[in-house]
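Here is the structure we will look at, set down as structure tokens.
What follows is calculated from the coordinates using simple rules that are stated; it is not laboratory data. Because the structure is a prediction, the values reported are computed rather than measured. Don't worry about glycine lacking a Cβ; one is built from the backbone with ideal geometry, like all the others, and counts go over all protein chains shown.
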Amino acid sequence: MLKIDWYGNIGYCFPDPGKVKSVVCGVCNIEMGVKRNVLGPTCWAMAMAGRKRRHDSFRCPNYGEDWHFKIEKLKRNVYTAECNHLNAVDLEKLKRSTAREIRKILKDNLTR
């Protein structure tokens with residue numbers, strides 16, 4: 001059974017050049033593609049400020065798919081509930097039901 005990574009990346013990440021060999025998507029558990037030693041912004045604030053830095057750009061091949069975004073949103077709901085201090089019993093119930101839904105979405109979309 002697939003273990004859900006509640007705190008993993010959401011389909012992209014930008015580590016310093018050469019620091020990471022490979023990255024697995026925190027949404028669908030697939031190895032991400034990479035472009036090495038890219039010069040550019042790594043967040044919205046850097047882009048708005050016109051700042052750039054060297055980085056490796058990892059991106060999931062499924063990023064942008066509707067089902068990928070739906071899983072991201074489901075994980076964000078669990079994270080928000082945890083940040084809002086949902087009691088432990090209700091949080092575990094939410095995680096279990098969300099995990100079932102995520103596994104179903106993955107099964108429907110990754111076994112095609």
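Listed values, structure above:
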{"quantity": "Scope the stretch 65-108; condition assigned to a helix (DSSP H, G or I) and among the aliphatic types (A, V, I, L, M); matching residues", "calculated": "71, 74, 78, 81, 88, 89, 91, 94, 99, 102, 105, 106"}
{"quantity": "Scan of the stretch 26-63 for residues that are surrounded by 16 or more Cβ atoms within 10 Å (Cβ to Cβ), free of Cβ contacts under 8 Å to residues at least 60 places away in the same chain and not in a strand (DSSP E or B), ordered by number", "calculated": "26, 27, 32, 41, 42, 60, 62, 63"}
{"quantity": "Sole exception among (1) over 18 Å from the mean Cα position of the chain (by Cα); (2) surrounded by fewer than 15 Cβ atoms within 10 Å (Cβ to Cβ) for residue 2, by number", "calculated": "(1)"}
{"quantity": "Yes/no for residue 76 being exposed (fewer than 15 other Cβ atoms within 10 Å of the Cβ) and out of contact with any strand residue (DSSP E or B) (no Cβ under 8 Å at 6 or more places or on another chain)", "calculated": "yes"}
{"quantity": "Residue pairs meeting the criteria (Cβ under 7 Å; at least 6 apart or on separate chains; first under 22 Å from residue 28 (Cβ atoms), in the stretch 75-101; second surrounded by 12 or more Cβ atoms within 10 Å (Cβ to Cβ) and small (Gly, Ala, Ser))", "calculated": "94/81"}
{"quantity": "Selection from the stretch 10-25 of residues that are in contact (Cβ under 8 Å) with a residue 40 or more places away in the chain, part of a loop (DSSP other than H, G, I, E, B) and surrounded by 13 or more Cβ atoms within 10 Å (Cβ to Cβ)", "calculated": "10, 11, 14, 15"}
